[in-house]
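Here is the structure we will look at, set down as structure tokens.
The values are calculated or read from the model by the stated rules, or taken from the named source; none is laboratory data. Computed from a predicted structure; not experimentally measured. A quick note on method: Cβ atoms are made from the backbone with ideal geometry, for glycine too, and the neighbour counts reach across all protein chains shown.
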Amino acid sequence: MPKANVTFEKIGITVTVPAGTRLIEISEKVGAGITYGCREGECGTCMMRIISGMENMSERSVLEDKVLQENMAGRNHRLACQAQVLGGDITVKA
Amino acid sequence: MSTLGAIAIAPDTHWVGALDPGLREFDIILKTANGTTYNSYCVRGSSGVAIIDTVKESHAGEFFTRLEQVARYDEITAIVLNHLEPDHTGALPELMRRAPQAKLYISNKAQLMLKALVKHDGLAYTIVNTGDSVDLGGRTLHFLNTPYLHWPDTQCTWLEQQGILFSGDVFGCHFCDSRLFNGQVGDFRFSFEYYYAHIMRPFREHVLDALELIEPLPLKLIAPAHGPILRDAPRSYVQRYRQLAAPLLHNEIGASNKSLLVFYISSYGNTSRMAEAVRDGAETIPGVRVSLYDLQGGGNLPFVDLIEEADGLAFGSPTINGDAVKPVWDLLSSLAVIKVRDKLGAAFGSYGWSGEAVNMIEDRLRGLKLRVPIQGVRARLIPTDEELGLCRDLGKQLALHLTGSIEHRVIAMSELLTQESTHA
């Protein structure tokens, strides 16, 4: 199964995960401080900044794009409950 | 309904809000000994009339009666919403129906709430930010974006020519007195302090940002959305916010050092010994001040003050009947009045049979958005030397995290899932 390496910068931990895992699932288990409110991509609570590896993540859905825009998020932000890791290396500010 | 009419707070500017003297509990979390007011204001210029905030739906009748004393609905050109909580927007849908030509002015983050409140298609509004203004003809409303005071949407509106700040919930309080002005109403100082402590304190950093925008203004009057209108010495309330947003005491260790608080409670001294070991481990790392507190010997309020200033928190609890003990939950349920997000958290504890407390505390800490990257330590009854060693290591790891010197770890997701299932 393809793997991805997700690094949570603030806590200094890299987690090797199967491709397709949502970032929130990793963040919760590793205790990175990103938590969710609704877990359905509406509340924006789990918004986080991707430092590198955005190209290794699933595309934003229409809903995620809308919520990020409403929260005035920059291009480097994603909702952890929506974004899936596809492979390669990804670094998150958390 | 009160017979009080619209009250002039400055030439061509009126209070048209509502009094709610019977209210004793606001939004479940706040007490009030004499009710509250929902303050709405009407500003008249030569070419337009603005309504700033409305009132709770149950008090809409009072609001419309007062509004009709100073303006016709077809004259209203602008409706400014400084904050969209229902106690200020309850009368909005009806006001929009009566004054359909009026333009709505809201902050960027208010859009989501506005759509949830006014559920009709084709809803039109103008998003405003700091630097934007609306000209009413000789009266200019300037907007100040002051988010998170106490919702993401909050803003203040500055009426330049009259030196009036329509501050929304900022500088407000739950206090009802029909004499309205701070120099005439009863003593409301405790209400002002209580409101800050419960509503604004969790957003201290945002209060400081907002004060940067507010302090340079030549203030003549502050017109908040609740409680007395601050006409006498308005700047003293701004200064009070500045004081309240500062740390309570001088921090002896200086900004470069980190603070780790270890809280514990122990019935047989086992969790207490673990707590001491966590402390001892943390103290081996320079640059971290470690403090140990027995929850049985303290009250929640001072602990909440300490937590607000701390960088890391560790909680030790025995497991009794499958749960962490009440004093731990009491403290962990008292943190809504401060910001704890992004602090470092950990748990440990002794247990007899099942030992759920540590996981439950960790879950709560994660729910509060703390970072909990180090697995807690559990010991069955009397901790062994090895288990005390694990506690010392937990303390050390926490301290290394706080000083930014933790060694980078690489782990597999499957390992995380196994840890969780063996620990549960």
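Out of region A:42-78, which residues are among the aliphatic types (A, V, I, L, M) and either within 17 Å of residue A:14 (Cα to Cα) or away from every other protein chain (no Cβ under 14 Å) (or both)? Residues satisfying the conditions are A:48, A:50, A:51, A:54, A:57, A:62.
Taking the conditions exactly as written (touching a Leu at 6+ places or on another chain (Cβ under 7 Å) and either charged (D, E, K, R) or surrounded by fewer than 22 Cβ atoms within 10 Å (Cβ to Cβ) (or both)), does residue B:340 satisfy them or not? Write out each step before concluding.
Details: touching a Leu at 6+ places or on another chain (Cβ under 7 Å): yes; either charged (D, E, K, R) or surrounded by fewer than 22 Cβ atoms within 10 Å (Cβ to Cβ) (or both): yes.
Spelling it out, residue B:340 is indeed touching a Leu at 6+ places or on another chain (Cβ under 7 Å) and either charged (D, E, K, R) or surrounded by fewer than 22 Cβ atoms within 10 Å (Cβ to Cβ) (or both).
If you go through region B:381-420 and pick out every residue that is at pLDDT 95 or above and of a type in the set (Lys, Arg), you end up with 2. Closer than 21 Å to residue B:228 by Cβ, hydrophobic (A, V, I, L, M, F, W, C) and more than 31 Å from the chain's Cα centre (by Cα): which single residue out of B:71, B:33, B:18, B:8 fits that description? Of B:71, B:33, B:18, B:8, the one residue that is closer than 21 Å to residue B:228 by Cβ, hydrophobic (A, V, I, L, M, F, W, C) and more than 31 Å from the chain's Cα centre (by Cα) is B:8.
Do you know which residues across region B:309-337 are surrounded by 15 or more Cβ atoms within 10 Å (Cβ to Cβ), in contact (Cβ under 8 Å) with a residue 60 or more places away in the chain and under 22 Å from residue B:401 (Cα atoms)? Passing the criteria: B:311, B:312, B:314.
Residue check: residue B:360 meets all listed conditions (1) surrounded by 21 or more Cβ atoms within 10 Å (Cβ to Cβ); (2) more than 11 Å from every other protein chain (Cβ to nearest Cβ); (3) under 22 Å from residue A:25 (Cα atoms) but one, namely (1).
Scanning region A:19-41 for residues that are over 10 Å from the mean Cα position of the chain (by Cα), at the interface with chain B (Cβ under 7 Å from one of its Cβ atoms) and either free of Cβ contacts under 8 Å to residues at least 60 places away in the same chain or surrounded by fewer than 20 Cβ atoms within 10 Å (Cβ to Cβ) (or both) returns A:28, A:29, A:30, A:31, A:35.
As for region B:249-266, it holds at least one residue that is assigned to a strand (DSSP E or B) and of a type in the set (Ser, Thr, Tyr). The number of residues in region B:39-53 being farther than 20 Å from residue B:232 by Cα and either outside any loop (DSSP other than H, G, I, E, B) or not assigned by TED's automatic domain parsing to the domain that holds residue B:136 (or both) comes to 7. Restricting region B:363-407 to residues that are out of contact with any helix residue (DSSP H, G or I) (no Cβ under 8 Å at 6 or more places or on another chain) and in a loop (DSSP other than H, G, I, E, B) leaves a set whose member that is nearest to residue B:262 (Cα to Cα) is B:370. From the list B:165, B:221, B:213, the lone residue that is buried (at least 23 other Cβ atoms within 10 Å of the Cβ), more than 18 Å from the chain's Cα centre (by Cα) and within 19 Å of residue B:53 (Cβ to Cβ) is B:165.
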